[in-house]
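Below is one structure, written out as structure tokens; the observations come after it.
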Amino acid sequence: MLMGGFRDTVASRHSNAVDLGLEGSLKALKPLVMSGREVLPLVEGGKGVAVSNGESSGAWAAAGGIGTFSGVNADSYDENGTILPQVYHGKTRRERHEELIAYGIRGAVSQAQIAHERSNGQGRIHMNVLWEMGGAEEILHGALEGAKGLIHGVTCGAGMPYRIAEITASYGCYYYPIVSSARAFRALWLRAYQKFRANLGGVVYEDPWLAGGHNGLSNSEDPQKPEDPFPRVLALRQMMNSFGLNDIPIIMAGGVWWLSEWEDWIDNPDLGPVAFQYGTRPLLTQESPISMAWKRRLLTLKDGDVLLNRFSPTGFYSSGVKNPFMLELMARSARQVAYMSKPVGEHSAELQIGPRGRPVYLSETDRQRAQGWLAAGYTTALKTPDNTLVFVEPERADQILTDQIDCMGCLSACLFSNWSQNEEGTTGKRADPRSYCIQKTLQAVSHSEDCENQLMFAGHNAYRFGSDPFYADGFIPTVKELVDRIATGY
């Protein structure tokens with residue numbers, strides 16, 4: 001899925017480099033001044049719940065680049081250095097939401113301190129946050145206040161983070177908005193960022209088709225038709241130049257593996273200063289906090305094993321490994337039919353659902369499909385916000401309901417549970433059983449050996465672990481070894 005276009009271009013670039021004997025002949029990487037210091041133009045991408053932490057980001061900074069720890073529900077520790085499980089005691093979602101914010105602040109400060117110590121005063125340390133995460137502004141203020149001077153920049157995406165500039169500037173910190181189009185940056189600049197020009201450290205262009213985690217595809221873009229990033233980034237540069245931002249670096253994120261495949265971007269006068277962000281490759285390092293099961297699984301991935309999907313409760317597209325967790329979501333949505341509460345047009349075939357056998361009305365074709373699912377054991381029909389029914393096993397239905405009830409407000413608005421951090425505490429829509437509790441599964445995959453039955457985010461280039469000679473015989477490098485390898489072009 002989504003393997004054409006740019007991916008073919010990348011493969012062609014690599015083939016040409018090998019044919020011409022260019023391996024190891026990459027143009028020398030010139031340092032860039034970012035977040036107030038000269039650094040290698042190599043950035044560690046911040047990854048979700050506890051996946052990029054102080055250990056990994058500190059090591060990346062120590063190697064001379066920019067290390068980025070995740071400020072999304074980051075881990076904190078007790079006096080013995082043991083990770084504190086994030087257990088919620090509040091009886092209401094609002095109470096649990098406040099607990100989540102407290103955990104988030106404490107964890108972000110802890111990871112900033114660890115990163116600072118591991119960096120040995122080299123490179124720069126950034127924190128990554130999602131604008132649509134629950135309590136984003138409170139966590140930002142708490143982390144930047146609690147770790148003053150230790151966090152040099154903040155990257156922020158997943159939405160339109162208008163206030164990130166004002167917040168970071170108030171702490172003397174740089175901000176790095178994550179965008180997927182020139183149009184998005186234009187809106188951010190004109191509405192808010194132009195007032196905080198001095199604190200704009202760079203702009204992250206995240207390829208919406210190839211990046212891991214949440215992706216910034218707009219409604220006008222086809223998820224099945226990836227576009228070459230060069231003209232999109234060139235349009236971004238031209239937009240930035242029109243605002244006098246010629247010297248502000250653009251950070252290319254998503255789909256970056258070997259720099260030899262991007263050599264025509266380096267020192268390109270049309271693109272101006274460019275850095276490269278790596279999200280997937282740092283997963284497979286010794287300092288990476290993910291489990292060994294997860295690391296071994298990365299080495300087995302094949303082309304096409306990462307799926308661009310829209311199951312996330314954020315409503316955004318996201319990219320994750322097609323493991324049993326993802327396959328179950330796909331199958332769940334496939335067992336779905338439109339219904340009416342009264343017979344209307346072709347929706348006149350009656351089907352009785354629930355313990356009381358309440359009638360709903362389907363098309364005759366859908367009624368036959370539903371009867372087949374019922375006979376196969378998918379005997380619980382769950383209503384969705386789109387006037388459809390999803391058929392699941394009773395045990396799965398019970399788990400979905402439990403997860404929705406246990407919601408702790410980890411997002412500003414959640415499709416799965418219908419939580420919202422507004423005054424009403426709800427989106428006003430029916431909870432969506434086609435999605436999942438993202439906090440639950442990301443905590444589980446980050447803190448256990450189970451990477452099959454949990455959500456496992458990855459970029460679409462993750463399959464290259466298995467064919468890249470650097471990882472032959474299951475080799476897992478240190479962050480320093482990885483950064484040194486990347487700097488050679490491979």
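The values are calculated or read from the model by the stated rules, or taken from the named source; none is laboratory data. These figures come from a predicted structure and were not determined experimentally. Using ideal geometry, Cβ is built from the backbone for each residue, glycine included, and neighbour counts are taken over all protein chains shown. With ligands, DNA and RNA removed, areas are computed over all heavy atoms of the protein, side chains included. Shrake-Rupley method; radii C 1.70, N 1.55, O 1.52, S 1.80 Å.
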statement: Expected single match for more than 16 Å from the chain's Cα centre (by Cα) and closer than 19 Å to D484 by Cα among W257, W294 is W257
task: Could you please give the count of residues in segment 163-194 that are open to solvent by 10 Å² or more (accessible area, probe 1.4 Å), free of Cβ contacts under 8 Å to residues at least 40 places away in the same chain and under 22 Å from K148 (Cα atoms)?
output: 6
task: Taking L482 as the residue in question, decide whether it is surrounded by fewer than 18 Cβ atoms within 10 Å (Cβ to Cβ), among the hydrophobic types (A, V, I, L, M, F, W, C) and over 20 Å from G134 (Cβ atoms).
output: no
message: It is to be established whether one or more residues within segment 409-432 are out of contact with any Pro (no Cβ under 6 Å at 6 or more places or on another chain) and part of a helix (DSSP H, G or I).
response: no
Sole exception among (1) open to solvent by less than 40 Å² (accessible area, probe 1.4 Å); (2) on the phi < 0 side of the Ramachandran plot for G315, by number: (2)
- line: Taking segment 94-133 and keeping residues more than 24 Å from A165 (Cα to Cα) and either crowded, with 24+ Cβ neighbours inside 10 Å or among the hydrophobic types (A, V, I, L, M, F, W, C) (or both) leaves I114
- prompt: How many residues, within segment 449-490, are hydrophobic (A, V, I, L, M, F, W, C), free of Cβ contacts under 8 Å to residues at least 60 places away in the same chain and outside any helix (DSSP H, G or I)?
  reply: 1
Evaluation of G64 against (1) farther than 20 Å from L482 by Cα; (2) at pLDDT 95 or above (one fails), failing number: (1)
- prompt: When L210 is evaluated against the numbered criteria (1) open to solvent by 20 Å² or more (accessible area, probe 1.4 Å); (2) at pLDDT below 95; (3) farther than 29 Å from A147 by Cβ, which criterion, by number, is the only one it fails?
  reply: (1)
- request: Give the number of residues within segment 236-253 that are open to solvent by 10 Å² or more (accessible area, probe 1.4 Å) and assigned to a loop (DSSP other than H, G, I, E, B).
  value: 5
task: Keeping to segment 381-420, report how many residues are in contact (Cβ under 8 Å) with a residue 24 or more places away in the chain, polar (S, T, N, Q) and surrounded by 15 or more Cβ atoms within 10 Å (Cβ to Cβ).
output: 5
message: Just the residues that are open to solvent by 10 Å² or more (accessible area, probe 1.4 Å) and either over 19 Å from A112 (Cα atoms) or touching a residue at least 40 places away in the same chain (Cβ under 8 Å) (or both), please, taken from segment 134-154.
response: G142, G146, H152
- prompt: When you look at S446, is it without any contact (Cβ under 8 Å) to a residue 40 or more places away in the chain and of a type outside the set (D, E, K, R), yes or no?
  reply: no
- prompt: Does any residue of segment 435-454 turn out to be within 23 Å of Q86 (Cβ to Cβ), of a type in the set (D, E) and open to solvent by less than 30 Å² (accessible area, probe 1.4 Å)?
  reply: no
- prompt: assigned to a helix (DSSP H, G or I) and either open to solvent by less than 30 Å² (accessible area, probe 1.4 Å) or on the phi > 0 side of the Ramachandran plot (or both) - does that describe any residue in segment 27-48?
  reply: yes
task: Go through segment 164-193 and give me each residue that's touching a strand residue (DSSP E or B) at 6+ places or on another chain (Cβ under 8 Å), part of a loop (DSSP other than H, G, I, E, B) and either hydroxyl-bearing (S, T, Y) or under 21 Å from A253 (Cα atoms) (or both).
output: S180
query: Taking segment 362-384 as the region of interest, how many residues are farther than 19 Å from M340 by Cβ and either assigned to a strand (DSSP E or B) or of a type in the set (F, W, Y) (or both)?
result: 2
- request: State which residue is modelled with the highest pLDDT when the search covers only segment 214-226 and only residues that are open to solvent by 10 Å² or more (accessible area, probe 1.4 Å) and under 16 Å from T155 (Cα atoms).
  value: H214
